[in-house]
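Before any comments, here is the structure.
The values are calculated or read from the model by the stated rules, or taken from the named source; none is laboratory data. Predicted, not measured: the structure shown is a model, and the values here were computed from it. Using ideal geometry, Cβ is built from the backbone for each residue, glycine included, and neighbour counts are taken over all protein chains shown.
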Amino acid sequence: MSWTRITARPRGSIRERLTRLILLIEILAISGSLRAASTNSALVEALAANAPADCRFVIYGGLGRLPIFNPDDEGERTPREASDLIDAVTHADGIIVSCPEYAHGVPGGMKNALDWLVSRDAAVGKPAMLVHGSPRSLYARAALAEIMRTMSFALYEETTLEIALLGKKPVEAEEILAEAANSLAMRNAVRAFAGFIRGR
Ligand SMILES: Cc1cc2nc3c(=O)[nH]c(=O)nc-3n(C[C@H](O)[C@H](O)[C@H](O)COP(=O)(O)O)c2cc1C
């Protein structure tokens, strides 16, 4: 089976698009790491804390509870955890993903979550941005971008946010994320992404 990219049209009715222009943008943020001391999770939380006033963040916490994707379990058999993820993506105006690299690839938990979204409408045309907590992980970045474009996410790639947290302990990561330059970089990145969402 081959997947094709679908060119996204403006999402929603004129009323929905006007509502997005006026109201808060809701962003679903996903960390691809399950580690308790995850630097990617710290980055996602810092993004939420530094969000511009017109953005509201919801942090997805269900990655570790998702059953392993099985196409036989779609439709009426869709597990509740997967339905919750699909609903969260559907409801959000955009999603932000911060994900580590494992063995030059995308960690299984993150790929599993994306697999649950492949045959649904939730991802089609949904604005998405990748942010990075490691200056390495170039394979995972490229793979995630390719996967998400193939799923027809509207990947926002004009702005790149990378904050070097690789190998940092939680206290160290917190200090780095609290630096004024990094707070500003996070706010600017989210503001640019929100502008992309509003412009669609
Ligand atoms: C099993 C495993 C494999 C890894 N493989 C790579 C890799 O191939 N390339 C890389 O840049 N980092 C690799 N790393 C390092 C992680 O991507 C890096 O530590 C990341 O920042 C961890 O994110 P976290 O703090 O959110 O858990 C690996 C780490 C683990 C645990």
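Which condition number does T90 fail, the rest of (1) in a helix (DSSP H, G or I); (2) β-branched (V, I, T); (3) surrounded by fewer than 20 Cβ atoms within 10 Å (Cβ to Cβ); (4) within 16 Å of the ligand (Cβ to nearest atom) being met?
Single failed check for T90: (4).
Take E162 and tell me if it is surrounded by fewer than 14 Cβ atoms within 10 Å (Cβ to Cβ) and at pLDDT 95 or above.
Here the answer is no, as E162 does not meet what is asked.
Under 7 Å by Cβ, and 6 or more places apart or on different chains, what pairs join a residue from the range 174-200 that is part of a helix (DSSP H, G or I) with one that is of a type in the set (K, R) and surrounded by 14 or more Cβ atoms within 10 Å (Cβ to Cβ)?
Qualifying pairs under 7 Å: I176/K168; I197/R20; R198/R20.
Suppose we filter the range 35-52 for residues that are buried (at least 23 other Cβ atoms within 10 Å of the Cβ) and acidic (D, E); how many remain?
Counting residues in the range 35-52 that are buried (at least 23 other Cβ atoms within 10 Å of the Cβ) and acidic (D, E) gives 0.
Among the residues of the range 41-64, write down those that are touching a Gly at 6+ places or on another chain (Cβ under 6 Å) and under 11 Å from G133 (Cβ atoms).
Matches in the range 41-64: L43 only.
Just checking, which of Y156, Y139 is farther than 30 Å from S13 by Cβ and among the hydroxyl-bearing types (S, T, Y)?
Step by step, each of Y156, Y139 is checked, and only Y139 is farther than 30 Å from S13 by Cβ and among the hydroxyl-bearing types (S, T, Y).
Confirm whether I96 is surrounded by 22 or more Cβ atoms within 10 Å (Cβ to Cβ), closer than 16 Å to T39 by Cα and of a type outside the set (K, R).
Yes.
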